[in-house]
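The values are calculated or read from the model by the stated rules, or taken from the named source; none is laboratory data. Worth saying up front: this structure is predicted, and the values here are computed from it rather than measured. Cβ: placed from backbone, ideal geometry, glycine included. Neighbour counts: every protein chain shown.
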Amino acid sequence: MAYDYDLFVIGGGSGGVRAARVASATGAKVALAEDDRYGGTCVIRGCVPKKLMVFASEFSNLPDEARAYGWDMSLGDFDWCGFRDRLHGELDRLEGVYRSLLSNSGVTMYDARAQLKDPNTVTLSTGEEVTAKHILVATGGHPVRPEIPNAHLGIVSDDLFHLEALPKSMLIVGGGYIACEFACVMAGLGVDVTLYYRGAQILRGFDEEARGIIAEGMSEKGIDLHFGTNIVDMAPASEDHSASGALTSSDASMGAPANEPETRDISKDHDGPIWVKATNGKEAVFDKVLFATGRAPNTQDMGLEEIGVELGRGGEIVVDDYSQTAVPSVYAIGDVTNRVNLTPVAIREGMAFVETVFKDNPTPVDHKLIPSAVFTQPEFGTVGLTEDEAREQEPVHVYCTSFRPMRTAFAGQPYRVLMKLVVSRDTDRVLGCHIVAPGAGEMIQLAGVAIKMGATKADFDRTVAVHPTMSEEIVTMRDPMRTG
Ligand code: NDP
């Protein structure tokens, strides 16, 4: 049967765009549909604007440091609106780049929402219907709010880049990547940040020791961390409530908010202060509440299950090692499959899909030893097993050092960095590397190459240190701190 296209990609984010371009370069006839902005989460409402906000926020540390180094410098005002407009100018430019990459690659673009009608047919919101031999779903995910009363009063990460003004105070709910990164960004921009995390320590799943040092650094920055705490109720603040950001007494003397949740008449676009009640009974008022409570795959109303594509419990598309779904002509990559939700992984999955389907070279996606960074302040770079994971697997030596780095110690600042290697006792291979330090994301990229190649501790030891740097410690730790 003749199809309109060899490949139809649904979703113009990092994974979808790369797969479409690379497939087109093999001579395949390719189309792509995107119903929002090209570039997807990473470029439009994720990694890129977030990293620019990280840069913006880091300048606030400079005057204190600079003064210790002899400069007469003071912190001026931060012009949020000026920065935000420049930010959006940059995102517009990048979206244009994505569009031209696609058109220069010969990919037909549909600015429309796509649904699957059958295993080889896509219907578009424009009313068009097209057929394709293969369909690739790369629709990403979206932030989710928890199920608590009036959760719509809180914003999600997508909204942060569009704020009309910086709030004076912000409550961030969650303890994952987004919560911790934006807590640091907002604090750096001068916002009074409180974070409620329901667990005992932020960044669950990462190395325990690293989590501790990051939490310590966040507290040093003035972020008010509350563990074992969640919101149970929220509402527009009334005049009875305390000043912005201030925790009020949990005792009954504060009484209930003016209106009870069931009867409150709340406008969907309420923009004023928000009253919250926490699980520990404390009440407080914040200018903004940010829910960084996870993301869900974009699989709703796409006709996926109707044509036989299997979805997991969280709505993610279930795929095999080659990103193929239960329907042989339909593949899926990126966050919509909820494997490892990182941009470079989606891109790898897209490339492996093209190798498999268009180059006759079946290529499974390698999800092992993926280096990644959390752009907290201090920054965190990590690759491989945590100490606990490694101990469960086999006997290990743990090499670890934590110290105040030269640059900030000179300025009298308290921040500590962490350099840590988890090493197999049997093979001497480095199983995990965890770095908390300024620039840790850059460092872990390079350590990741060595570790992916199977480097042993002896390989690290015979590498000469670069002096004076923070990262030289990673090749000079001689004796294990712990063995287990
Ligand atoms: P995460 O899954 O990392 O974190 C979600 C957080 O919200 C967890 O702390 C979770 O707690 C908490 N949570 C979930 N449900 C509730 C609830 N009902 N009430 C209170 N707290 C809740 O999601 P993020 O949104 O932070 O990030 C999504 C993904 O995006 C990440 O997993 C990552 O893959 C990617 N990302 C990567 C970045 C990077 O590479 N630097 C940056 C940003 C995002 P608990 O731990 O108890 O489950």
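Of everything in the range 197-212 that is assigned to a helix (DSSP H, G or I) and among the charged types (D, E, K, R), the residue that is nearest to the ligand (Cβ to nearest atom) is Arg211. Could you tell me whether any residue of the range 363-374 is among the polar types (S, T, N, Q), away from the ligand (no atom under 16 Å from the Cβ) and over 30 Å from Lys420 (Cα atoms)? Within the range 363-374, one or more residues are among the polar types (S, T, N, Q), away from the ligand (no atom under 16 Å from the Cβ) and over 30 Å from Lys420 (Cα atoms).
Can you pull out the strands (runs of 3 or more DSSP E) entirely within the range 393-484 that have at least 2 residues that are in contact (Cβ under 8 Å) with a residue 12 or more places away in the chain, touching a His at 6+ places or on another chain (Cβ under 8 Å) and of a type outside the set (Gly, Ala, Ser)? Counting at least 2 such residues, we get 417-424.
Does the range 310-328 hold any residues that are part of a loop (DSSP other than H, G, I, E, B) and buried (at least 20 other Cβ atoms within 10 Å of the Cβ), and which are they? Within the range 310-328, Glu316, Val319, Ser323, Thr325 qualify. Output the residues belonging to the range 65-88 that are closer than 25 Å to Pro167 by Cα and either in a loop (DSSP other than H, G, I, E, B) or in contact (Cβ under 8 Å) with a residue 24 or more places away in the chain (or both). Within the range 65-88, Ser74, Leu75, Gly76, Asp77, Phe78, Asp79, Trp80, Cys81, Phe83, Arg84, Leu87, His88 qualify. Under the condition of being aromatic (Phe, Trp, Tyr) and more than 27 Å from the chain's Cα centre (by Cα), the residues counted in the range 66-111 number 3.
Checked against (1) modelled with pLDDT under 95; (2) touching a Leu at 6+ places or on another chain (Cβ under 8 Å), Val137 passes all but condition (1). Screening Glu34 with (1) away from the ligand (no atom under 16 Å from the Cβ); (2) surrounded by fewer than 22 Cβ atoms within 10 Å (Cβ to Cβ); (3) of a type in the set (Asp, Glu) gives one miss only, at (2). Quickly run through the range 412-440 and pick out the residues that are crowded, with 19+ Cβ neighbours inside 10 Å, among the small types (Gly, Ala, Ser) and within 15 Å of Gly217 (Cβ to Cβ). Hits for the range 412-440 are Ala437, Ala440. For Asp85, the stated conditions do not hold, so it cannot be described as closer than 20 Å to Thr139 by Cβ and away from the ligand (no atom under 16 Å from the Cβ). Being exposed (fewer than 13 other Cβ atoms within 10 Å of the Cβ) and at pLDDT 50 or above narrows it down to one of Glu220, Glu239, Glu262, Glu216, so name that one. Sole residue among the options that is exposed (fewer than 13 other Cβ atoms within 10 Å of the Cβ) and at pLDDT 50 or above: Glu239.
Tallying residues that are within 16 Å of the ligand (Cβ to nearest atom), among the hydrophobic types (A, V, I, L, M, F, W, C) and surrounded by fewer than 24 Cβ atoms within 10 Å (Cβ to Cβ) within the range 339-356 yields 4. Filtered by the rule that a residue be within 13 Å of Met470 (Cα to Cα) and not hydrophobic (A, V, I, L, M, F, W, C), the range 442-457 gives a lone residue, Glu442. Remark: pairs (first residue in the range 285-299, in contact (Cβ under 8 Å) with a residue 40 or more places away in the chain; second residue assigned to a strand (DSSP E or B) and of a type in the set (Phe, Trp, Tyr); Cβ separation under 9 Å; 6+ apart in sequence or on different chains) = Val285/Trp275; Phe286/Trp275. Can you find a residue that is part of a loop (DSSP other than H, G, I, E, B) and under 24 Å from Asn280 (Cβ atoms) anywhere in the range 181-195? Checked against the condition, which is being part of a loop (DSSP other than H, G, I, E, B) and under 24 Å from Asn280 (Cβ atoms), the range 181-195 yields at least one hit. Selection over the range 301-318 of residues that are under 22 Å from the mean Cα position of the chain (by Cα) and either more than 16 Å from the ligand (Cβ to nearest atom) or more than 30 Å from Tyr196 (Cβ to Cβ) (or both) gives a count of 2. So for the range 377-387 (the condition being within 16 Å of the ligand (Cβ to nearest atom), surrounded by fewer than 22 Cβ atoms within 10 Å (Cβ to Cβ) and modelled with pLDDT of 95 or more), does at least one residue qualify? Checked the range 377-387: at least one residue is within 16 Å of the ligand (Cβ to nearest atom), surrounded by fewer than 22 Cβ atoms within 10 Å (Cβ to Cβ) and modelled with pLDDT of 95 or more. Among the conditions (1) farther than 25 Å from Asp479 by Cα; (2) exposed (fewer than 15 other Cβ atoms within 10 Å of the Cβ); (3) acidic (Asp, Glu), Glu392 misses just one, which is (1). Candidates Leu91, Leu171, Leu166, Leu116: the one that is away from the ligand (no atom under 16 Å from the Cβ), outside any helix (DSSP H, G or I) and under 30 Å from Ile223 (Cβ atoms) is Leu166.
Val336 - would you say it is in contact (Cβ under 8 Å) with a residue 12 or more places away in the chain, aliphatic (A, V, I, L, M) and buried (at least 20 other Cβ atoms within 10 Å of the Cβ)? The answer is yes for Val336. If the condition is being within 16 Å of the ligand (Cβ to nearest atom) and either part of a strand (DSSP E or B) or crowded, with 20+ Cβ neighbours inside 10 Å (or both), then the range 123-149 contributes Ala138, Thr139, Gly140, Gly141, His142, Pro143.
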